[in-house]
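First comes the structure, then the notes that go with it.
The values are calculated or read from the model by the stated rules, or taken from the named source; none is laboratory data. Keep in mind that this is a model prediction, so the values were computed, not measured. Note that we place each Cβ from the backbone using ideal geometry, even for glycine, and neighbour counts take in every protein chain shown.
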Amino acid sequence: MRDPSEEPALLEGLGNFLASAKALVTFNGKAFDAPLLVTRYTLHSIPVPFKEFAHLDLLPLARRLWRDRLESRALKYLEENILLAPRTVEEVPGYEIPYIYFDYLRDGDARPLKGVFYHNAMDVVAMAALLSHTAKMLEDPFHEGIEYGLDVIALAKLYEDLGQWDTAARLFERGLEKGISEENFAETVRRLSVLQKRRGDFNEAIRLWEEAAGNGHIYAFVELAKYFEHKQRDVKSALKWTKSAQKQIEKSDLPVYIQKHWMEELTHRRQRLETKLGK
């Protein structure tokens, strides 16, 4: 806009541009851009042209896919680290754009806006590229091109939340085969073992719990104790795993509050199991 008075015309122009469209693709648009535009359309008594549109906001999806691997999910950071397409020296940081625009309104010199136009154009190109990239990941989550274990595990979590448990389990297993940190490995084994239990695949769940217990993970001892007590009605085995868990905690270097949490649960479980054995 050359002047704020041109806002209604700009909004009408956007409406004409969107006339043949059916959906929006944005980056943080559900939280910021779309509500802001709705407010401006309402203020000028102009019908909102995208009111019935489907709306795909890529930011929440980017957070789901890369929050464990990347330190930032800003669009520019994703361009550099996921799309491998850094911007040129023409780029203007987003936080500078309002000030550049206000300067233009005051002095009418449009030359500094060149960098703003570049920034906005690259945002649109980056969103198109990111949409294509994520669509391919979701279409074929087992593709060899998905090289990072944490990316595969992020897909597994997403498919698990979508209720596609078989696919999620296969992706968790695939992620474990790739190089990930010990902390992420332990958490993935825990999540996969719980998923296997939900699927009813107790043989695989037991294998994973025993492997995790061998590496000293307390949750795995507890899951095995629960399994033998409630599924197998094998109180002796349940008590064995409970005692083993307590010994593991006593020699662990876990923070005190975590040790207290597990010990309280295990003490209660041990007392109940010993009572059952006595009866």
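Quick notes on this one:
- Counting only helices (runs of 4 or more DSSP H) wholly contained in region 31-136, the ones carrying 2 or more residues that are under 28 Å from residue 184 (Cβ atoms) occupy 58-66, 75-81.
- Tallying residues that are buried (at least 18 other Cβ atoms within 10 Å of the Cβ) and modelled with pLDDT of 95 or more within region 76-96 yields 3.
- Selection within region 224-233 - buried (at least 23 other Cβ atoms within 10 Å of the Cβ) and either closer than 14 Å to residue 194 by Cβ or among the β-branched types (Val, Ile, Thr) (or both): 224
- Of all residues in region 182-202, those being surrounded by fewer than 17 Cβ atoms within 10 Å (Cβ to Cβ) and among the aliphatic types (A, V, I, L, M) number 1.
- Enumeration of residues in region 237-259 that are at pLDDT 90 or above and surrounded by 12 or more Cβ atoms within 10 Å (Cβ to Cβ): 237, 238, 239, 240, 241, 242, 243, 244, 245, 246, 248, 249
- On the stretch given as region 7-32, residues that are surrounded by 13 or more Cβ atoms within 10 Å (Cβ to Cβ) and in contact with a strand residue (DSSP E or B) (Cβ under 6 Å, 6 or more places away or on another chain) total 5.
- Count of residues meeting criterion [assigned to a helix (DSSP H, G or I) and farther than 26 Å from residue 113 by Cβ] in region 1-30: 1
- If you check 264, 229, 223 for being touching a Phe, Trp or Tyr at 6+ places or on another chain (Cβ under 7 Å), modelled with pLDDT under 95 and in a helix (DSSP H, G or I), only one passes: 223.
- Taken over region 230-279, the criterion of being closer than 25 Å to residue 200 by Cβ and within 32 Å of the chain's Cα centre (by Cα) is satisfied by 245, 265.
- All positions within region 105-155 that are closer than 16 Å to residue 173 by Cβ, surrounded by 15 or more Cβ atoms within 10 Å (Cβ to Cβ) and out of contact with any Ser or Thr (no Cβ under 8 Å at 6 or more places or on another chain): 146, 148, 149, 150, 151, 152, 154, 155
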